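The values are calculated or read from the model by the stated rules, or taken from the named source; none is laboratory data. Just so we're clear, the structure is a prediction, and the values are computed from it rather than from any experiment. These area figures cover heavy atoms from the full protein model, side chains too; ligands, DNA and RNA do not enter into them. Shrake-Rupley method; radii C 1.70, N 1.55, O 1.52, S 1.80 Å.
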Amino acid sequence: MFTRGTLIYIGQRVVLIAFTVLAVSSVVFLAIHKLPGDALFNEHLHGDQYRLLLHHYGLDQPLWVQYRDFIIGVVTRGDLGESLVNRGVKITPLVLRELGVSVEVGGFALLFTIGLGMLFGIVASVRQNTWVDYVLSTTSVIGYSMPNFVIASILILIFGVWLDNVTNGEFFYQLGGWRGDIGQLWLPAFALGFPYASIVARLTRASMLEVVRQDYIRTARAKGLRESVIIVRHALRNALLPTITLLGLSLPALLSGAVLVETVFSWPGMGLLTTQAISRRDYFLVTGATILAGAMVVIANLAADVLTHVADPRTRARA
């Protein structure tokens with residue numbers, strides 16, 4: 001499936017991922033250390049106690065030495081350091097645990113993005129200029145015009161207040177377990193994914209309408225192929241190419257947009273963890289969370305490029 005040129009391209013992108021993550025971590029590390037105040041000073045520590053804590057975390061060293069030690073720890077041991085606020089708590093397992101929670105809701109949100117977005121776009125294009133097209137297009141415009149935290153608040157009002165006898169508040173995350181079940185996940189995931197599903201629907205509709213006017217589609221109809229075969233096997237595959245690129249860009253946006261949705265639903269994921277770390281000047285925790293976020297952005301874009309390669313034979317021919 002993959003030619004030698006494609007494998008070389010993927011290898012180059014993997015190297016680019018490493019350099020991108022390094023650059024992002026450098027900027028964040030330097031920027032957050034330049035902010036006024038620190039987590040230790042906020043505890044009103046003085047004298048020897050303050051100096052001992054500075055030495056324990058290496059904060060009494062020059063900034064370039066701190067950054068060098070931080071990068072060495074990450075590369076050689078996968079160690080993102082120790083939290084300044086929660087003493088003795090290693091950042092790596094903490095960030096990975098909270099990232100798993102955010103990825104869980106983000107993954108379900110991506111299902112809504114792909115499923116609803118493509119369904120609305122395909123149906124709207126097939127039923128062009130009918131009431132179905134108008135309803136789906138209007139719904140899509142409303143969807144991407146509203147911020148996800150507004151959608152989340154409306155959903156809480158509907159399912160948490162008006163329909164409380166039916167839902168029993170099952171959309172809240174239970175702190176007794178690491179994962180929420182589907183009954184608790186779907187509402188935050190819908191609030192997070194619906195705006196992007198609306199964008200996917202509009203893009204899919206526009207791509208489908210452009211593709212179905214091509215000569216090869218008219219040729220397929222002239223051969224007597226069923227309309228369902230023409231739409232699924234011929235039109236949809238070519239119309240998906242811009243949508244795949246959009247999905248690659250949407251995945252990091254889904255995870256970053258989870259900050260507000262997690263706040264509205266009291267969901268303890270990466271969003272809440274990062275915002276709390278920033279407000280408390282927890283340098284190492286902020287840097288560690290940023291490294292993972294930056295890595296996910298470039299990996300998602302690489303995945304989108306690979307999917308485009310699989311879906312589009314022309315890219316394989318060039319490779």
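When ligands, DNA and RNA are left out and all protein chains stay put, how many square angstrom of accessible area per residue does the range 183-222 have with a 1.4 Å probe?
Working: 1620 Å² over 40 residues.
About 40 Å² of surface per residue is accessible.
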Using the Karplus curve 6.51 cos²θ - 1.76 cosθ + 1.60 with θ = phi - 60°, what ³J(HN,Hα) values do you get for each residue of the range 107-112, in whole Hz, with x for Gly and Pro? x, 5, 5, 5, 4, 5
Check which residues have an amide H placed less than 5 Å from Gly81's amide H, if you skip close sequence neighbours. Ile91, Thr92
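Would you list Glu104, Glu227, Glu262 from the most to the least accessible area, probe 1.4 Å?
Details: Glu104 25, Glu227 90, Glu262 5 Å².
Result, largest first: Glu227, Glu104, Glu262.
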Which whole-Hz couplings ³J(HN,Hα) result when phi for each residue of the range 134-148 is put into the Karplus expression 6.51 cos²θ - 1.76 cosθ + 1.60, θ = phi - 60°, listed in order with x for Gly and Pro? 5, 5, 5, 5, 5, 4, 5, 4, 5, x, 8, 8, 9, x, 5
Cα-only radius of gyration and Dmax that characterise the range 239-299, units Å: 13.7, 47
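Averaged over every viewing direction, what's the projected area of the C-alpha convex hull for the range 39-133? Give it in nm², one decimal, please. Numbers along the way, then the final one.
Numbers: hull surface 43.8 nm².
If you wrap the Cα atoms of the range 39-133 in a convex hull and average its projections, you get 10.9 nm².
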Relative contact order (%) - the range 216-282, alpha-carbon pairs under 8 angstrom, separation at least six: 16 percent
